[in-house]
Amino acid sequence: MTNLKVNVQEHFMMMLLRYINLRLDVKRQKQRLPLKSDARNAFFARLRYLKSIFLFDIVPESLDDLTAEESELLEEIWSLSIPLSDDQPLAYSVAVDPLAFFPAYCKLSRLYEHHGFRRFSAIPLRRSLIQSHVRIDTIILYSHLLCITRREAETVEKVDLWLRVCNLQNKAFRSRRGMCFEGSITTDGTSVSVYLKHPEADKYGKRSGRGKKSAKALAAEVKALYVENNLSACQENIVVIDPNKRDILYCQDNKGTIFRYTANQRCKETGSRRFAKERQRMKTGGIDLIESRIPSHKTMNLMDFTRYLLVRRADSDRRKEFYSHPAHTRWKWHAFINRQKSESNLISNLRNKFGNFTIMMGDWSDAGRTARFQTSSKTKGWRTLFKRNRIDCFLLDEHKTSSVCPRCSSSEFVEKEFKERPHSRPWRRREGKMEKVHGLLGCTNPNCLQQAWTMRYWNRDMLATCNMLTIVQSMLDGHGRPKVFSRGVPAVA
């Protein structure tokens, strides 16, 4: 149930907004309409108005101004039977009671499939046959492993129960920094992770309060993560981070020092690419052909899903035999260890580069703006990592940070397909090699030309971090967020 709840909570609003964009063909309209044109501005003003209707933010007196396509889309959204609250926005209702939206989420998945859009899994299923890690606490220990009743288990100490299956003298169970073993481990049958808990920490799974949180309290929790509400905690050295896909972390401090952590670097350090190639090499014995015949499980059609189960079951014995090979568990264990080492090296490199610092991270999401009453799921793992290493990390709204020139505050850009420059790798640069850079933005403001009267080009990551530094410095100086980076465009018909 927890898996279903989190899936709906994190993805319902995102997939609903994406469906609206796909049905209205927003991507093609953006490519067709010229930048800064009146037609483009009118299109997006109309889009904001339509979304406010589709998400039930406003209830117009009449729907006669909707086109046939827009009316059809509205009827499809009504057919989802979304449970609405009279006085609360839709995003809040999803955040506090996600399971009530599960039927609507399944119907939305069916609409994606009906229109031929890229499918998503409304019901998350475990499909891997590689042994996964399972959490074992004291209750599971005595009821499933020791096979004794609760009354028998309560007659002895918890430590004595664990001594029957574990060597608690092993260094993995020793107390560290005031934390001690309280009876919880995870294992995949080969490796074991031991959980240590501080005596004053809350019990695992304990809720902080009863009932649903109010919209005001939920919004306050989200706002508390943003830099606007944590200016007093900022240190002198500010490091802004633009999270992305290729450059996973693009960092810059207020002295102009750059630090990059790329996807390629993480693949090398964790060995994930090497393990994937070795696993694929093992599959060439016939497993790859078997798996290529298995249809997609991402369907809400009962007959198609039945077909998926039957085809998957046909050669299940051969697949189980293949995935029970010790190599798969070994690779999984090495990937876990290597990831920990990679994260430790990342923190060390950041501290060596910037010293003591506070991190401001953009609240980027690949689905556009993060939904209300939610935080960016793309940055959640990084924020947890920084918190674990006692580094303050706050979020920053990235609105317009990639579309405004840091030197002249102009938003008039022309996109250049590619530009040649000295190679970014030092040893290639020493050889005089050049490289082509794609997707650069050139500022068209005549007052922003370089000394050679050439256009100034910006890398999008550099552009974002420079503007993020400008925003943070303006806040620290007491001037608030600059107007050029502010939101506040009302929805109009």
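Whenever a residue of the stretch 146-170 is of a type in the set (D, E, K, R), its partners that are modelled with pLDDT of 90 or more and in a helix (DSSP H, G or I), lying with C-beta atoms within less than 6 angstrom and at least six residues away or across chains, give the pairs 158/138. Take residue 260 and decide whether it is in a strand (DSSP E or B) and either within 26 Å of residue 468 (Cβ to Cβ) or small (Gly, Ala, Ser) (or both). Taking the combined requirement at face value, the residue satisfies it. Would you be able to tell me the number of residues in the stretch 266-311 that are farther than 30 Å from residue 249 by Cα and either of a type in the set (Asp, Glu) or without any contact (Cβ under 8 Å) to a residue 40 or more places away in the chain (or both)? Residues meeting the conditions: 24. Any idea which residue in the stretch 88-136 is farthest from the chain's Cα centre (by Cα), counting only those that are charged (D, E, K, R) and modelled with pLDDT under 90? Out of the qualifying residues, it is 135. Determine if the stretch 267-282 includes at least one residue that is in the same structural domain as residue 315 (by TED's automatic domain parsing), more than 17 Å from residue 343 (Cβ to Cβ) and of a type in the set (Phe, Trp, Tyr). Taking every residue of the stretch 267-282 in turn, at least one turns out to be in the same structural domain as residue 315 (by TED's automatic domain parsing), more than 17 Å from residue 343 (Cβ to Cβ) and of a type in the set (Phe, Trp, Tyr).
Listed by position, the helices (runs of 4 or more DSSP H) inside the stretch 263-374 whose residues that are closer than 24 Å to residue 121 by Cβ, out of contact with any Pro (no Cβ under 6 Å at 6 or more places or on another chain) and of a type in the set (Lys, Arg) number at least 1 are 272-283, 302-314, 316-323, 326-354. Just one of (1) out of contact with any Asp or Glu (no Cβ under 8 Å at 6 or more places or on another chain); (2) assigned to a loop (DSSP other than H, G, I, E, B) fails for residue 136. It is (2). Determine if the stretch 254-266 includes at least one residue that is over 28 Å from residue 479 (Cβ atoms) and hydroxyl-bearing (Ser, Thr, Tyr). Checking the stretch 254-266: at least one residue is over 28 Å from residue 479 (Cβ atoms) and hydroxyl-bearing (Ser, Thr, Tyr). If you go through the stretch 111-131 and keep only what is within 12 Å of residue 299 (Cα to Cα) and either buried (at least 16 other Cβ atoms within 10 Å of the Cβ) or in contact with a Lys or Arg (Cβ under 8 Å, 6 or more places away or on another chain) (or both), you end up with 111, 112, 113, 119, 120, 121, 122.
Within the stretch 309-335, being closer than 24 Å to residue 294 by Cα, hydrophobic (A, V, I, L, M, F, W, C) and touching a helix residue (DSSP H, G or I) at 6+ places or on another chain (Cβ under 8 Å) holds for 322, 327. Across the stretch 137-154, the number of residues qualifying as of a type in the set (S, T, N, Q) and over 34 Å from the mean Cα position of the chain (by Cα) comes to 2. The residues in the stretch 37-58 that are farther than 17 Å from residue 19 by Cβ, within 32 Å of the chain's Cα centre (by Cα) and aliphatic (A, V, I, L, M) can be counted, and the count is 3. Number of residues in the stretch 12-58 that are polar (S, T, N, Q) and within 21 Å of residue 74 (Cβ to Cβ): the value is 3.
Counting only residues that are touching a helix residue (DSSP H, G or I) at 6+ places or on another chain (Cβ under 7 Å), part of a helix (DSSP H, G or I), within 17 Å of residue 375 (Cβ to Cβ) and not β-branched (Val, Ile, Thr), how many does the stretch 211-245 have? Final tally of qualifying residues: 5.
Beta carbons closer than 8 Å, at least 6 apart along the sequence or on distinct chains, pair a first residue in the stretch 122-145 that is free of Cβ contacts under 8 Å to residues at least 40 places away in the same chain with a second that is hydrophobic (A, V, I, L, M, F, W, C) and exposed (fewer than 15 other Cβ atoms within 10 Å of the Cβ) for 145/165.
The values are calculated or read from the model by the stated rules, or taken from the named source; none is laboratory data. Only a predicted model underlies this, so the values are computations on that prediction, with no experimental measurement involved. Don't worry about glycine lacking a Cβ; one is built from the backbone with ideal geometry, like all the others, and counts go over all protein chains shown.
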